[in-house]
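The values are calculated or read from the model by the stated rules, or taken from the named source; none is laboratory data. If you're wondering where the values come from, they're calculated on a predicted model, not measured in any experiment. FYI the Cβ positions are ideal-geometry reconstructions off the backbone, even for glycines, and counts take in every protein chain you see. Accessible surface areas use protein heavy atoms only, side chains included; no ligands, DNA or RNA. Shrake-Rupley method; radii C 1.70, N 1.55, O 1.52, S 1.80 Å.
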Amino acid sequence: MIEMKKMKDNFAFRYTALVTILLVLFPMIFSGADARDIANPKESTYLSAGSAPDYKMALHNVGKIVFGVSNFGQFANGDISLPFSDCFTGARIPDLQYPKSTRTRYLYKGGIWVGGILDGDTLVSTGCEFNRTSREFHPDYYPFGDIKRRSILDSPSEETDRAHSQQDFEAVFFDTLVYGNRYSSFDPIDSRPHKPMNIKVTLKSYAWSYEYADDFVIFECDVKNINDHSLEGVYIGLYLDPDNHEDVRNTSATTGEGKPPSPGAEDDFAGFLKTYPASNPACGFIDTVNTAWSVDNDGDPVGTDFIVPGITGVRFLKQPSAFEKLSFNWWVFNYNPVYDFGPQQSENYRPMGNGIGTPIGDRNKYALMSNGEIDYDQIYTYAIRPTDPVWIYPKQPYAQVFTRGRDVQYVLSLGPVSLGPGQEVTVPFALIGGEDFHRDYNNFKTNLRRMYEPDAYYGNVNFKDFAVNSVWASWIYDNPGVDTDTDGYFGKYITCCEGSYCEKYWYEGDDIPDLVGASPPPAPVYWIDPTVGKIRIRWNGLKSETTPDVFSRRYDFEGYRVYLARDNRETSFSLVASYDIEDYRKYVFDVTNYSWNLLDTIFTLEELRCLYGDTINGNPCNDSLFDPTLYTKGKPYILGDSMFYFAGQDFNRYILGNYPGANTGIKKIYPDQPYPSILDPRLADSSEVTSDGYLKYFEYEYTIDNLLPTVPYYVNITAFDYGSPRSNLGPLESSRVLNAKMFYPLYTPDSAESKNLDVYVYPNPYRIDGGYLEAGYEGRNAEYYIPDRLRRIHFANLPAECTIGIYSLDGDLIREWEHWKDPSDGTASHDEWDLITRNTQRIVTGIYYWVVEDRQGRTQIGKLVIIM
């Protein structure tokens, strides 16, 4: 495996060296027109010979799938000498982390490919490829090359009105840069540098945190011909170099065979999922998903668990009528032609410039993108026989090696379309993840290593989550059964029946993008007030309780949940309290099918009393004794020839802590406050509004106690709805992780000052054998498992703004930093030191002084003992 990586690196070095030599020997190649002259000058300001592209990356991280998108056509950070940070927050960009806050990585790099024919010349422009440094798309210079960000979570504005998701990014880049630079590419087949088609690409991406939409990111790729000549046979391609592995910088784990986890490049599979059974079992309908995918061959098992259990891939979300061919082509890269392989159909056979796999040069890339082939899954390579009527017989004995997993790459492409001058085409696609693909830790060993049973291997893996996410991505992009442009066409459907009950199952939209889906209620605004050993949480739920669902337009708010965690992983958040409206589901008995059917409508207690209560004083709504919980499946309510029973929606914890018989600790801060006369606090009566401008009716609080004051916690308040039972859409809840707040159960800076409390440090003394890491006091939120960078000494009772210094007994400065936080921040009175000096060296055993000086000049000094 190491040798294969060396060969790959050697090839990249030779390839780059060849480009450099040619740039030196043939400078006249780059003496042509300025990029501004090539392009239509009215289209935009394009890169000139003296300007530098403003390369940037933005981080998609609101959902479970976390990766970077760029303004030069590449996804993830692979083969970038200086990896990018998020241009908006400065956060580190991982190589497609999935699920969020784990150490698994699924993509080394990926990018946009666009191919076409310009004046008879076959050309392809790429965001990235197998060569390490080549880059053929470039953004404009600063500030015109900036990535734009929008979000439906932001305050109302003109930009927010254009947002579709919780995290929209928009990048624009061009293939018009033809001058030599460190990213210049070279076509060894045609012996020339990159030749542009003169296209402008606008790449928009959208991400959500909702449970049904947090496993994918949707893209819209708009390709525009900015030439004064037509482009013929245009194809759009999605290139991926997936490396499925755990971030080896983080781990000390071993696999089930007692060896370190795979670095991820040499044990991957790729394939293509054409169809999957629909989620509605009554229909027997098969969804067409047409999704390319890759996985680690065995999930890197550790005992009965997996380091890399998931699956990722890409799909086009709709196929414009102008496009006729969908192609999926994978290959195993190697600079040695003997080992470089990819499936080819006999009728389309062609050498690819370095074997029959990796497409070298524009002409071979274009041939691959336009061949209309859907390659067999990599796992079936060894099953192709010499007599196969379609596929070329793979080289032996390497076919068996490829079948067991290799450093695979692939392109999913769509085309062709013709683009006249100024014309453009938009192609939507999604990058998708799926959890729990691997479920049998012996599957690979049994069915592909000891024996060759590919069908048995597939029988022991799980595509369901991946396929469901793929379908949801297409539904979010174009909502089934929604007539977006009001022309009377709602999309495609089939009729599904359960006994005598029939309904339409919509599986395609009206071909007009929607980019909207069912959403949970907005999370409430909340504040935290920590003190020693406990925290009080206050929130206001105006928007949570009064915002209709974007998709259904129903007011479907159900309740709130309070979560607490010791780190910021979603799975770490534990439910500590909940409140939900008292309401009920209704199940109706179907005599024909002899089954109970759940209605989509949720009923409040008042509604049920009005419908089924005894008439009192001429009104059934007055029947306060009607109790829906008395009617069960075994003892249903009978009305004429109908039978039905009721079940509580959620836990029906609706009696707040202010009232007798409370079944939740959540309280209303103003329990006697009537419903407001108007929902705009700016226009409401002063008696209805808090001192900080919020409507009192929607104010709640909850206190969590018995907390350890010396460790950090995360807290969050979520809002949830009751979902859509008939659509198999469960209750939707706002994100547990998004907007979670970290705090220490310590006095706030104001409280510490009012009580005249001194700053203190802990643990003191600090012992290297103290077992802090093993006990969970260190490293809980670390991205990398590097013990020397996980150690922590904590400062408590700090002012919100101060300078912290560490000194030797001789007065030499060891380390100094600014502590500057908002007083309302849950960590405002706390800070920590990683035991690293200002020279980035590990501290040594000794006695040190710590010094804290606040903005008023008050200085506190103490001693600190470190035993290393």
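The rows are residues; the columns are (1) in a loop (DSSP other than H, G, I, E, B); (2) among the hydrophobic types (A, V, I, L, M, F, W, C); (3) surrounded by fewer than 16 Cβ atoms within 10 Å (Cβ to Cβ).
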{"position": "Asp672", "(1), (2), (3)": "yes, no, yes"}
{"position": "Tyr675", "(1), (2), (3)": "yes, no, yes"}
{"position": "Leu679", "(1), (2), (3)": "yes, yes, yes"}
{"position": "Arg682", "(1), (2), (3)": "yes, no, yes"}
{"position": "Ser691", "(1), (2), (3)": "yes, no, yes"}
{"position": "Glu701", "(1), (2), (3)": "no, no, no"}
{"position": "Pro709", "(1), (2), (3)": "yes, no, no"}
{"position": "Ile717", "(1), (2), (3)": "no, yes, no"}
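Across segment 852-868, the number of residues qualifying as open to solvent by 30 Å² or more (accessible area, probe 1.4 Å) and either touching a residue at least 40 places away in the same chain (Cβ under 8 Å) or not aliphatic (A, V, I, L, M) (or both) comes to 10. Regarding segment 475-483, can at least one residue be identified that is at pLDDT below 90, of a type outside the set (S, T, N, Q) and under 27 Å from Phe169 (Cβ atoms)? Looking for residues that are at pLDDT below 90, of a type outside the set (S, T, N, Q) and under 27 Å from Phe169 (Cβ atoms), one finds at least one in segment 475-483, hence yes.
Of everything in segment 598-617 that is open to solvent by 70 Å² or more (accessible area, probe 1.4 Å) and in a loop (DSSP other than H, G, I, E, B), the residue that is modelled with the highest pLDDT is Asp614. Among the residues of segment 342-355, is there at least one that is within 28 Å of Thr446 (Cβ to Cβ) and out of contact with any Cys (no Cβ under 7 Å at 6 or more places or on another chain)? Looking for residues that are within 28 Å of Thr446 (Cβ to Cβ) and out of contact with any Cys (no Cβ under 7 Å at 6 or more places or on another chain), one finds at least one in segment 342-355, hence yes.
Filtering segment 437-456 to residues that are surrounded by fewer than 21 Cβ atoms within 10 Å (Cβ to Cβ) and within 16 Å of Leu273 (Cα to Cα) leaves Pro454, Asp455. If the condition is being open to solvent by less than 10 Å² (accessible area, probe 1.4 Å) and not polar (S, T, N, Q), then segment 531-555 contributes Ile535, Ile537, Trp539, Gly541, Asp549. Where strands (runs of 3 or more DSSP E) fall wholly inside segment 133-226, the ranges with 3 or more residues that are modelled with pLDDT of 95 or more and buried (at least 21 other Cβ atoms within 10 Å of the Cβ) are 167-174, 199-207, 216-225. Of Arg838, Arg855, all but one fail to be under 30 Å from Ile537 (Cβ atoms) and among the basic types (Lys, Arg); the exception is Arg855. When we screen Thr827, Thr840 for residues that are assigned to a loop (DSSP other than H, G, I, E, B), on the phi > 0 side of the Ramachandran plot and at pLDDT below 95, the only hit is Thr840. Of all residue pairs spaced 6 or more apart or on separate chains, those with beta-carbon atoms under 7 Å, a first member in segment 764-781 that is more than 20 Å from Ile806 (Cβ to Cβ) and a second member that is of a type in the set (Gly, Ala, Ser) and surrounded by 15 or more Cβ atoms within 10 Å (Cβ to Cβ) are Leu773/Gly779.
Residues in segment 730-769 that are within 32 Å of the chain's Cα centre (by Cα), open to solvent by less than 70 Å² (accessible area, probe 1.4 Å) and polar (S, T, N, Q): Ser734, Ser735.
Of the set (1) at pLDDT 95 or above; (2) of a type in the set (Ser, Thr, Tyr); (3) closer than 23 Å to Thr604 by Cβ, all apply to Ser727 but (1).
Residue pairs whose Cβ atoms lie under 7 Å apart, sitting 6 or more positions apart in sequence or on different chains, and linking a residue in segment 572-594 that is under 29 Å from Asp627 (Cβ atoms) to a partner that is charged (D, E, K, R) and not in a strand (DSSP E or B), are Ser578/Arg653; Tyr579/Arg653; Asp580/Asp650; Asp580/Arg653. Scan segment 110-132 for residues that are closer than 20 Å to Asp54 by Cα and in a loop (DSSP other than H, G, I, E, B) and the total you get is 3.
Among the residues of segment 622-640, is there at least one that is free of Cβ contacts under 8 Å to residues at least 40 places away in the same chain and among the acidic types (Asp, Glu)? Yes, segment 622-640 contains at least one residue that is free of Cβ contacts under 8 Å to residues at least 40 places away in the same chain and among the acidic types (Asp, Glu). In segment 651-671 there is at least one residue that is under 30 Å from Asp590 (Cα atoms) and out of contact with any Pro (no Cβ under 8 Å at 6 or more places or on another chain). Consider segment 843-856 and keep the residues that are in contact with a strand residue (DSSP E or B) (Cβ under 9 Å, 6 or more places away or on another chain) and in a loop (DSSP other than H, G, I, E, B). The one that is nearest to His794 (Cα to Cα) is Ile843.
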